[in-house]
Every structure is written in C-alpha cells, then in structure tokens.
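Engineer: I have a structure I would like to understand better, so I am pasting it below and will then ask my questions one at a time.
The values are calculated or read from the model by the stated rules, or taken from the named source; none is laboratory data. Quantities reported herein were computed from a predicted structural model and do not represent experimental measurements. So basically every Cβ, Gly included, is an ideal-geometry build from the backbone, and we count neighbours across all protein chains shown. The accessibility values were calculated without ligands, DNA or RNA, using every heavy atom of the protein model including side chains. Shrake-Rupley method; radii C 1.70, N 1.55, O 1.52, S 1.80 Å.
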Amino acid sequence: MTAPVRNAPNIPNVPDVLSAPDVLSAQGAAGSVVQSVDWLTIAPPALAALGALAVLVADLFLPERRKPLLGPLTVAFLALAALSLLPLLGGDRTTFCLTTDPEACSYVADPFALAVQFLVLGAALIAALMSMTAVRDEALPRGEYWFLLLSSAAGAALLPASRDLATLIVALEVASLPSYALVGLRRGDGRSSEAALKFFLSSVTATAVSLMGVSFVYAATGSLHLGRVAEGLRETAPGLDALAATGVALTLVGFAFKIAAVPFHFWVPDTYVGAPLPVAAYLSVIGKAVGFSGLILVTVEAFPSHDRIWGPAIAVLAALTMTGGNVAALRQRPERAHSAVRLLAWSSVGQAGYLLVPIAAAAYAQEPERAVGATVAYALMYAAVNLGAFAVAAHVGRTAAANRITDYRGLYAAHPLAALALAFFLLCLAGLPPGIIGLFAKVAVFSAAVDAGLGWLAAVMAANVVIALYYYLAWTAQLFRAPSGAPVRTAAPASGRAPSGAPVRVAAPLTAAIALTAAIAVGLSGAPQLVLRFAADVLL
C-alpha cells in the first residue's frame, strides 16, 4: 500500500487543517443560519402548551381525590398566558425570521395578534370556569378534558400571530384536533359520538381542500410567508394565474368551515347539542376567533392582489350565512319544545355572517384595516355575551336535561340574577338597548359595508337584524313568564347535582363565569367607545 502523497507537484499547496481565522469564519457562517427564539414573544401560546403538559403529568401522579385540582390549575395557566400579553403591548415583536430576510417572520406579535390572543385566552378561561361544574356533574375524565382544552387553546393563541401559511395550517389543526375529542368525551353517549364523528369528518375534508390550496399558492409564488406570497401573487409568472387563483379560493375553505359559514355550517347544530355545554360554548367563540383571524390574515395580508376573487366570495358567504342562520333560528319555537342549545347554535351561525361583512368590505375599502377593526370589535362583544348566555344555559342544563326553551320559563322567579343576565346577553346579541355594545358593534359592521360601497350587503344585514329580533325577544319573554310547572329533572345525587325536586343553586364556577361576562358586557355598554377605539388601533 502506498502512502498518500502530500503537496504533489500537480496539486496546489493546500493546508491539512484550516487556520484559526478560517475556523472562526466557518463557525460564524454556521451560526448565521441558527434562528434565535424570543421566548417573551411566544409566551402566550407557550404557557398554554406548558399548562397542557403540566396537567397531563399531574394526572398521572395525583390520586383520584386530588384530581379536582386540575381545573383550578388549568384556569391558573390560562390566566398566566393572558397576563403574558401585557409586556408585549409596547410595539411589534417578531421571532422565527428568515436569516436571509429578517422581514419574513413566521411569528409576529402585533396589535392584531395580541387582540385576538386576548380574546382567545380570555374566552378559554371563562370556558374553563364553566367546565368545572360540567366535568364533575357528567363524570368526564378530568385529566383528558383539561389537557385537551389547554392544547386547543395553545393552537388558537398561536394562529393569529402566524405569518406563514404552513404555521397557519398547523395552528389551525392544533386548535381543532383536541376539539374533536372534547366533543366526543361523553363516553357511552351516542349523540356525543355522532357529533364528534360528523365534526371530525367534515373538518378533515375542509382541511384537505385548504392544504391543496396552500400547495397551489406555493407552486405559484415559491414562498409560504404571507408578505412574500402577496408579492409573488402580484407578479405571478405567465401561465400560473389560474393556478394561483384556484389556490386562493381553496385556501379559504378551511377557514370558512371553522367559522361555520354557509354552506360549511351543517356540522354546527348537532355538534353543539351533542357536546358538553362548555365545549359548545368554546367552539362558538374560540372556533370562530380562530377562523376569522386566519381568514383576515390570508385575505388582507397574503391575497390583497386577488381581492377580486375573495371579496365577492366572502360577501356572498356573509349574506348566505346570516340569512341561513337567522331563518333556522327563527324556526326554534318555545311552543314546539325546541332546544335552547340548538337555538344558540343557529344564532352563532347568523352572528358569523355579521362578522364576515367587514372582511368582505376590506376588499373594496380604501383602508382595509378599519374594516378589520370592525370585525375585531364585533368579535369581542360577541365573545363576552355569547359565553355568558352559554353559562346560564349550563346552569339550566343541570336540572333540565333536554335544555328546551320552555325550561327557561319562570327563570326570573327562581334565579332573578341569572335571568336578568341572560336577558341582557340576548338583548346585546339582538342589538337592542340596554345592550348598547351590541348596537354599537352592529353599527360599526353596517358602516363598514356602506363605506365600501356594499349597499346590497348592508340591506341584507339590516333585514337579518330585524329577523333575529323575534327569536331573541321570544326567548327573553320566557324568562319572565309565570312558571307553568317544574322542569324535568334527571340529575342523580351521585353525579353531584341536587336530587329531583330540590332547588339547585348556581354553582360557584358558573356564578363566576356569568358574573365576569355580565360585568364585561355591562361595562362595554356603558362605554362602547373603549372597544371601538381599541379595535380601530388594530393594524395589520
């Protein structure tokens, strides 16, 4: 075997090892591709995810008699995640940015992201308060329930700060996958299993369509970051216009499903009725917040050059959604013993139509940010009052298993404060005084449509507001009528509820949820300019 020849005449002199400066230079080049993580910026979703991990581990080691502590632990982590938003109010913060382009970041904590994260984490905290009673009464598996709730909240908090299509889809699924399990967590209940399966299959289909759309957009633009996608769509290569337009349309499907826009709404009534009531409340608010924030990001920030496609499409969706939801809610009659939860489900579909109006207006407005602000303002109002209505429904559901509209007859005589709170929440949803915040929010949405030249959509909205008055006022009237008889009571003493015929007090966690949402709704009705001014500062 011949020995290797060093520095042969036909080979230039090459050192066997790199010199010290070369090593340092190589290390610097390698270090430039390592992204730094701003932990303070990602604290809100990170703390929710950490809470989910803590609950999962605690569930393994805590004895059964100590597992009720998992509920307060969940509330504590959600409160901590919400408080972690305060240090971020000083200005925009970014992390997970490309080393070659610091302006292209996957996570941005700007006013829009912080506003939606505040809504999501606050709503998750109220849903957790509502869940404490339901988990005990329905004997739901505590560890699984709180782990799934925190995991979904972590994904929901991640989505509004996501600024690339891959992270958006991942956050959407992290928020959604635990929700399927939460809906079906009533073991042995056929309605719950059916609701979970229907929710899962339809959601997976919508996600698959969205992923196809994202792949088309990536093929047309060569990027997933929203800012770069916007630039790429403005300068689409010849022959790729149809591909880009198809990708834009398909990408919107997944977010339209999450907000229950017609015709992607068919899963809502059965899912809300079959799920534990706090889970239905969670889906009605946080599911919509996730869908609307994602829809705003992909339309206003990623696809502004294709507003000729998504603008008319969302306007039509808004008209169909508000009309379909309100007409279906109108059919839920007290005299026919229809479900109050099903009425709330159809009401949430109608409210989603109102929320879509400013997004459609953003395609035609000179200042799309103002239209986005109207959506955020309406979403904040809707979150507080809808969660409050579900909290009162959760209390009634403890003694009236069917939770029919007629079960609310005479509620004022039995629980005057709960009845007054529910009446106020329904008047806010209807946009009637003294629910001033509901009226102001509807005026803001209506003005966004008018300013954008969508007079026909404003007219459709006005007609739907009148339609909705009937079923909201009909339900409100039930609260103050003389009781016609005792509601059907199905609770057993072993479940933690009162025995048949015994008066049932409002549970402490439900009292806290009702009081908190009522305080927010009353405060905002007294000073509606606060939420409107706050939403006006939301700029993408």
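Engineer: At 1.4 Å probe size, with every protein chain present, just tell me what the per residue accessible area of the chain comes to in Å².
Structural biologist: The answer is 41 Å² per residue.
Engineer: To one decimal place, what orientation-averaged projected area in nm² is obtained for the convex hull of the Cα set of the range 292-428?
Structural biologist: Mean orientational projected area (the range 292-428, Cα hull): 8.8 nm².
Engineer: Please work out the ratio of the alpha-carbon Rg of the range 125-230 to 2.2 N^0.38 Å and round it to two decimals.
Structural biologist: After normalising by residue count via 2.2 N^0.38 Å, the value is 1.30.
Engineer: With each run of n ≥ 4 DSSP H residues scored as -39500 (n - 2.57), what mean residue ellipticity at 222 nm is computed for the chain after dividing by its residue count and rounding to the nearest 500 deg cm²/dmol?
Structural biologist: Mean residue ellipticity at 222 nm (helix-derived): -22000 deg cm²/dmol.
Engineer: Now, a different point. For Ala237 and Ala459, what is the calculated FRET efficiency with R₀ set at 51 Å and r taken between the beta-carbons, to the nearest 0.05?
Structural biologist: The calculated FRET efficiency here is 0.80.
Engineer: Heavy atoms only, 1.4 Å probe, whole protein assembly: order Thr246, Thr100 by accessible area, highest first.
Structural biologist: Result of the area sort, largest leading: Thr100, Thr246.
Engineer: Please compute the modelled spin-label separation between Asp92 and Phe266, points set 7 Å along Cα→Cβ, answer in nm with one decimal.
Structural biologist: The answer from the label model is 4.2 nm.
Engineer: Just order 322-330, 138-146 by mean Cβ neighbour count inside 10 Å, highest at the front, would you?
Structural biologist: Highest mean packing first, the order is 322-330, 138-146.
Engineer: Every cysteine in the chain with no other Cys Cβ under 4.7 Å from its Cβ, please list them in numeric order.
Structural biologist: Within the chain, the cysteines lacking a partner Cβ under 4.7 Å are Cys428.
Engineer: Can you give the convex hull volume per residue for the Cα atoms of the range 308-375, as a whole number of Å³?
Structural biologist: 65
Engineer: Probe radius 1.4 Å, ligands and nucleic acids ignored: give me the carbon and sulfur share of the accessible area of the chain as a rounded percent.
Structural biologist: It is 66 percent, rounded to a whole number.
Engineer: Measure out, as a whole number of angstrom, how far apart the alpha-carbon centroids of the range 230-286 and the range 287-322 sit.
Structural biologist: Measuring centre to centre over Cα atoms gives 9 Å.
Engineer: Taking the convex hull of the alpha carbon atoms in the chain, what volume per residue do you get, in Å³?
Structural biologist: Output value, Cα hull per residue: 199 Å³.
Engineer: Here's something else I'd like to know. Could you give the length gained on full extension between Ala527 and Leu420, defined as 0.36 nm per residue of separation minus the Cα-Cα distance, in nm?
Structural biologist: Working it through step by step, the gained length comes to 36.5 nm.
Engineer: Going Cα to Cα from Lys288, which lysines come in below 25 Å? Please leave out same-chain ones fewer than 8 positions away.
Structural biologist: Lys198, Lys258, Lys442
Engineer: Evaluate 2.2 N^0.38 Å with N set to the residue count of the range 233-281, then give the Cα radius of gyration divided by it.
Structural biologist: So the Cα radius of gyration is 1.77 times the expected 2.2 N^0.38 Å.
Engineer: Restricting things to Cα coordinates, could you compute the convex hull volume per residue of the range 52-109 in Å³?
Structural biologist: Spread over its residues, the Cα hull of the range 52-109 gives 90 Å³ apiece.
Engineer: Turning to a different aspect of this structure: Between Thr246 and Tyr218, what is the label-point separation in nm under the 7 Å Cα-to-beta-carbon projection?
Structural biologist: In this crude label model, Tyr218 to Thr246 measures out at 1.7 nm.
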